[in-house]
Structures are given as structure tokens and as C-alpha cells.
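Participant: What follows is a single structure, and I will ask about it in a moment.
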Amino acid sequence: MLRILITDVSAQIVTLQLDGQIIGRWVKLLESTCEIPLKKGARIALDLNNVTFSDREGITLLRSLADRQVEIRNALPFIAEQIRNSSPTGTGG
């Protein structure tokens, strides 16, 4: 399960706090949640402090979002390393 909370909305950035795991159907939920403000030109920060696991699809999405200037905050070292080492197309890892 993944819970997504909007914790801050300012003129500069929308901050989303994620709780749980970025896996399975929750990956698509996160993607669609981020797409709306991105299409409107907003900046997004994802607070991953309470994310305990992300599967490969989730890591690919996080990498894609980071490439689109979404700020990834407070990721566990293991998750942060996976994001850094994944390829932009999701074929690496």
C-alpha cells in the first residue's frame, strides 16, 4: 500500500509525503498524482522518509521523475542508490 499526502503547497513547490511501498498498482497512482502538477508547470518534491521499499517499476518511475526535475527527499540509502544506478529508460539497474 502507498499513501500519498500533500504536505505543502507553495508558489514554488508542491511537496508530497509518501508512506508505504512503491510497488505494483501504486506506481501508476504515484505517476498520475505527479503528472497533474507537472503538466501545470509546478515543481514537485517527493518526501520518501516513510517509504520502506520500491520495486523495479517504482525505481524506474522515481528515476524518470528525478530526470524531470522532481526533487527526491529523504530516501533510504538503498533506494537512493537504486535510483542513481538505474538507467533513464529502466533497462539498467
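The values are calculated or read from the model by the stated rules, or taken from the named source; none is laboratory data. Just so it is clear, the structure is predicted and the values come from calculations on it, not from any experiment. A quick note on method: Cβ atoms are made from the backbone with ideal geometry, for glycine too, and the neighbour counts reach across all protein chains shown.
Participant: Can you tell me how many residues in segment 52-82 are under 14 Å from ILE4 (Cβ atoms) and part of a loop (DSSP other than H, G, I, E, B)?
Facilitator: Looking only at that region, the number is 1.
Participant: What pairs come out if I take residues in segment 81-93 that are modelled with pLDDT under 75 and pair them with residues that are of a type in the set (Ser, Thr, Tyr) whose C-beta lies under 8 Å away, six or more apart or interchain?
Facilitator: Once the first residue is modelled with pLDDT under 75 and sits in segment 81-93, its partners that are of a type in the set (Ser, Thr, Tyr) give PRO88/SER64; GLY90/THR60; GLY90/SER64; GLY92/SER86; GLY93/SER86; GLY93/SER87.
Participant: Please enumerate the residues belonging to segment 4-54 that are under 12 Å from the mean Cα position of the chain (by Cα), modelled with pLDDT of 95 or more and of a type in the set (D, E, K, R).
Facilitator: Within segment 4-54, ASP19, LYS28, GLU31, ASP47 meet the criteria.
Participant: Shifting gears a bit: Could you please find all residues in segment 35-51 being hydrophobic (A, V, I, L, M, F, W, C), surrounded by 19 or more Cβ atoms within 10 Å (Cβ to Cβ) and closer than 12 Å to LEU5 by Cα?
Facilitator: Within segment 35-51, LEU46, LEU48 qualify.
Participant: Next up: I need a count of the residues in segment 3-34 that are in a helix (DSSP H, G or I) and surrounded by fewer than 12 Cβ atoms within 10 Å (Cβ to Cβ).
Facilitator: Of the residues in segment 3-34, 3 are in a helix (DSSP H, G or I) and surrounded by fewer than 12 Cβ atoms within 10 Å (Cβ to Cβ).
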